[in-house]
Structure formats: structure tokens, C-alpha cells
Amino acid sequence: MRKQFALMLVARSMASIIQVVALLVLARVVEPAALGAVSAVVGIGAFLSALLDFGVGTFLLKLRALTPADPRIHAALRLNDLTSVVLGVVVTALALLFGIDPVPAVLLAVWILLDKNTDTQVSIATADGRMGPVTAIVLGRRVLGIVAFVALLVAGMEPVLAFALGQTVGAVYGVVHGKLTTRAGLTRADRFDYAGVIRDSRHFWVAVLSAQVRELDVAIISVAASGTSGGLYSVAMRLSKPATLFASSLASVILPSAARGGAAVARRNGRTIVWLALGSAVLGGILWPLMPWLVTLTAGDAYADATLPAQVLLVSMGFIALCSPLGSLLQSQHHEQFVAANGVVFGVLTVIGLFIGALAGQATGAAIALGVVYLAKFVSLSLRLSTVTRDAR
């Protein structure tokens, strides 16, 4: 598992950094309000991806690890194709509502639907331990995306259009490579019982969907405060985004491993996650004084007011990000219902907290509210995992 995690961590961390750089490049050539609109569409798109995924991506990790030849895997992947198309239509309409021009609106939607489709597909290779193709897909699509974006920008293309087209180029590579990789070792289904797949994955769906509520943050802040506040918060969040990719790498590897290894493995991994979260908070405090310099260096003077939100998120991001692998450990021990219920409660609290925080303190207030809610969620998941694995050695 250590080798798998190391490869996934490197790939996702580098991909995350590249994506952050792409958004910061966009921030330098557009106004905060325009960045806020793009970030809001991307965030809502991530939430809608989880909504229309029906928990299939996470369900496939466990199903493939335990029963590799299960025909439901084929049916789940076919369902993924259908829901991705629906996602593209919805995101296109959403982007137009946010005032984005029609062509970049369509391209943003295509990028988001292709990325969603690819992320679900690579669950198969991840559960199989085939980390070479996963690494190439996760990292390759981001490298191609930023190279195309910068080239188009240098060529004089309008910034938002260049960003959307560049990301779409990378996403096309990702989905093609993903489909070629997934075909290996796939047991074909005689019939596609989509309702059965959704029924089996429903608890994973609720957990993932409630966790993705956080992706609505920029949209909520833009409504509660202003588009400019949303843009400032977006920069702050992007600077701390690599921590969430570390967590998603850990979660995607840890679920199949703990499902095979039992309660003792889950308990040991849970303790490690707690120490990682505490260490992350300490590291955030150490790096706190560097954020004013980092914000202006990466995003420019127009985003100087993003400094304090970035500092708050830097300290709290360990707890925010590592809730996901804690939930995966509980799911591996057949506590999917608890993770789902926990996600619903804290998903509602996240929306309420972001809205009230943005009203009271704009981007900074929203960052503080998000940190408080996720700290409480982290503690609740940690205590539950400790309880259910108490007798494990």
C-alpha cells in the first residue's frame, strides 16, 4: 500500500499544484469578479459531479477490491457515461447564468463532465493497484491543460476562453486513456441494472455528496457577500488546495486496503491520520507569516485581501481534507450508514456556516466558519472509528 500511496500522492499533488498555478495565472489576467464566476461554476460543477455520480466512484473502489469479476462494475461504468452527459448539459446552463460567454461556458462544461467520467473510471485501476496508468492519467491531463492554456493565452486568446479550452484538451486525453485502461480485466454485464447499482452505492453517494457541499463555497460567498469576495476566497482556497489532493490520494488507496486488512489496519491508519491533521495545523501556523508574500506573488496586488482567509484555511486544511480518508476507513468496516448520516449533518452545517460567515466577515468569516465545522466533523469521525475498532489489535 505504501508504494501505491506514494505514487498516487506524487501524481495528485503535482496535478493539484498545476491546477492551482493555472487558476492563479487566470487570476492575474482577469478581475476578481470574473475569477469568482469561473471558480463558482467549477465549484458547483464539482458538487453536481458528486450528485450525478451516485457514489459509484467510491463504491467501485470497494467492490473491485473485494469481487473483481462482479458484473455490476460494468453496469456502474455505463451509468457513469450516461450521467456525465447530463452533467455537461446542466453545467453549460449554469455557466451561462453566471454570465460566462457561450463558447467558454460549453468548454467548461465539457471539461467538467470529462473529468468526472475519468475520475470514476480510474477507481478500477486504483483498486487493482495499477498505479502507473492512474498516475499518467491524473498528472497528464493537468500538464496538457496548463500547457495548452498558456500557449493559447500567449497567442492572444481571451483569458477565460483560453482557460476553458486548455482544460478541455487535457480532459480529452484523460478520458481516452481512462477508457483504454478500464477495459483491461473488465467482466461484461449481460444486463445493465442501473437501479441496482444506485441502490448498492447509495450510502457512498450520500457521504460523497455531503462532503462535496464544500465545493459550493465560492458560489455561496458570492451570493452572501459579493462576487469580489468570492474571487478573493477562491484564491485563498486554491493556495491550500494541495492538502485536499493529499487526502483524496490517501482515501482512494486506504479504502481497498482496509477492506482487505480488517479493523486492525483501519485503527492503525486512523491514528496516523489524526497525527497528520495535528501536524498539518502546526505547519500551517509556522507558514502563517509567509502568506502575505505568497498571495501577492502568485495572484498579484489585486488579491492582497485574500491573505487572512488563506492563513485561516492553511491552519485548518488538515482537518478539512483528512475527513475524507477517515470516512473511507469507516466505510471499509461496513459503517457506510454512519458516514452518510454524518455527512448530511455536517453538509448542512457547512452551508449554514459559509453563508453566515460570509455575511458577517466576507471571505475571512467564511474561512473561519468552514474551519470550525470541519474540525467538529473530524473529531466526530475520529471518535467513531476509535469506538468501532476498539477491540482490534
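Bear in mind that the values in this text are calculations on the coordinates, not laboratory data. All values reported here derive from a predicted model rather than from experimental measurement. Here the Cβ positions follow ideal geometry from the backbone for every residue, glycine too, while neighbour counts run over all protein chains shown.
The calculated FRET efficiency for ALA136 paired with LEU383, based on their beta-carbon distance and R0 = 35 Å, is about 0.35. Between the residues ALA40, PRO289, LEU24, the greatest Cα displacement towards the positive end of the dipole of the chain, with unit charges on the Cβ of Lys, Arg, Asp and Glu, is found for PRO289. Positive contributions from Lys and Arg (+1) and negative ones from Asp and Glu (-1), summed over other residues with Cβ under 13 Å from the Cβ of ARG28, come out at -1. Selection among GLY347, GLY361, VAL379 by position relative to the dipole of the chain gives VAL379 as farthest towards the positive end (Cβ unit charges, Cα centre). With r defined as the distance between the Cβ atoms of LEU278 and VAL372 and R0 fixed at 22 Å, what FRET efficiency is calculated, to the nearest 0.05? Calculated value: 0.85.
Maximal additional length on extending the ALA151-LEU51 stretch stands at 32.6 nm, based on 0.36 nm per residue less the C-alpha distance. Build a GNM of the chain with springs between Cα atoms under 10 Å apart, and of LEU48, LEU322, LEU153 the one that fluctuates most is LEU153.
Only lysine pairs 8 or more places apart or on separate chains count here, and in the chain those with Cα atoms under 21 Å apart total 6. Charge tally for ALA136 (other residues, Cβ to Cβ under 12 Å; Lys, Arg +1; Asp, Glu -1): +3. Select from ALA207, ALA148, THR228 the residue farthest towards the positive end of the dipole of the chain; place +1 on Cβ of Lys and Arg, -1 on Cβ of Asp and Glu, and compute about the Cα centre. Farthest along the dipole direction, towards plus: ALA207. Taking amide H as placed 1.01 Å from N in the peptide plane, ASP70 has no amide H partner under 5 Å among residues 5 or more places away or on another chain.
With a simple spin-label model that places each label point 7 Å from the Cα along the Cα-to-Cβ direction, the separation between ALA341 and ASP70 comes to 2.3 nm. For the range 71-187, the Cβ-based charge dipole about the Cα centre amounts to some 420 debye (Lys, Arg positive; Asp, Glu negative; other atoms uncharged). Panel order for LEU375, LEU239, LEU35, by other beta carbons found within 10 Å of each beta carbon, from fewest to most: LEU375, LEU239, LEU35. Over all other residues within a Cβ to Cβ distance under 12 Å of GLN167, the charged ones net out to +1, with Lys and Arg as +1 and Asp and Glu as -1. Placing +1 on the Cβ of every Lys and Arg and -1 on the Cβ of every Asp and Glu, with no other charges, gives the chain a dipole of roughly 1480 debye about its Cα centre.
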